[in-house]
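The block underneath contains the structure these notes are about, expressed in structure tokens.
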Amino acid sequence: MRTFRSLSVVVTLFAFWLVMSGYFTAFLLTMGVASAIAITAFAHRMDVVDREGHPMHLTASAFTYWPWLVKEIIKAAWDVSKIILDPKLPISPTLVRVKMSQKSNVGQVTYANSITLTPGTISVAVEGDEILVHALTRDGADSLVEGDMDRRVARFEGLS
């Protein structure tokens, strides 16, 4: 499994390099592969090429979770834009503790980051099985407490 994970890291890094550079000459492609291999070797020395450092087991579920998250970010951005443009500025800032069902560090970080990526909410602290969240409106806080995002992250993590 370690060899497969290492190969996956090399391929992922090279693909990222290729997308970002856009150059397809033999010399630069060779340098891209060499860089990906060198970075993977350094990562092994630091012992970060593991299930948490390169969670390739989440790849399949990412194809359903990321589009949903992008849709939620767009909806929340629209809601925040309407609030900002409203002359009355109808905000009701609130702090709320949200339970999380994620067990792994990757799942907890994914949930906290998903909250922060969604406009109008910020993950302030992770304490035990709860996240302290600042929300711009009470409705935003209530939608987190309902738990739809928690359930989707748990499904992404493979818990349900």
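The values are calculated or read from the model by the stated rules, or taken from the named source; none is laboratory data. Everything numeric here is computed off the predicted structure, so don't read it as measured data. For neighbour counting, all protein chains shown are included, and Cβ atoms are generated from backbone atoms with ideal geometry for every residue, glycine included.
In the stretch 36-56, is there at least one residue being touching a residue at least 40 places away in the same chain (Cβ under 8 Å) and over 24 Å from the mean Cα position of the chain (by Cα)? No, the conditions are met nowhere in the stretch 36-56. Collect the residues in the stretch 73-89 that are under 23 Å from MET149 (Cβ atoms) and either among the acidic types (Asp, Glu) or not in a helix (DSSP H, G or I) (or both), keeping them in residue-number order. Across the stretch 73-89, the qualifying residue is only ASP79.
Taking the stated definitions as given, is HIS54 part of a loop (DSSP other than H, G, I, E, B) and within 30 Å of GLY158 (Cα to Cα)? Reasoning before the result, please.
Values: part of a loop (DSSP other than H, G, I, E, B): yes; within 30 Å of GLY158 (Cα to Cα): yes.
The answer is yes for HIS54.
Is there a residue being more than 24 Å from the chain's Cα centre (by Cα), at positive phi and modelled with pLDDT under 85 anywhere in the stretch 82-95? No: the stretch 82-95 contains no residue that is more than 24 Å from the chain's Cα centre (by Cα), at positive phi and modelled with pLDDT under 85.
Of the residues screened, LYS103 is one that is closer than 30 Å to THR12 by Cβ and either of a type in the set (Gly, Ala, Ser) or exposed (fewer than 14 other Cβ atoms within 10 Å of the Cβ) (or both).
Residues considered: PHE24, PHE14. Of these, the only one that is assigned to a loop (DSSP other than H, G, I, E, B) and either of a type in the set (Val, Ile, Thr) or farther than 30 Å from THR137 by Cα (or both) is PHE24.
For the stretch 46-72, a tally of residues being over 20 Å from MET149 (Cα atoms) and modelled with pLDDT of 90 or more returns 1.
Please work out which residue is farthest from LEU58 (Cα to Cα), limiting yourself to the stretch 68-115 and to residues that are among the small types (Gly, Ala, Ser) and out of contact with any strand residue (DSSP E or B) (no Cβ under 8 Å at 6 or more places or on another chain). Write out each step before concluding.
Kept after step one, since they are among the small types (Gly, Ala, Ser), are these residues of the stretch 68-115: 76-77, 81, 92, 101, 104, 107, 112, 114.
Keeping just the survivors that are out of contact with any strand residue (DSSP E or B) (no Cβ under 8 Å at 6 or more places or on another chain) gives 77, 81, 92, 101, 104, 107, 114.
On the way: ALA77: 27, SER81: 33, SER92: 36, SER101: 17, SER104: 12, GLY107: 10, SER114: 15 Å.
Filtering first and then ranking leaves SER92.
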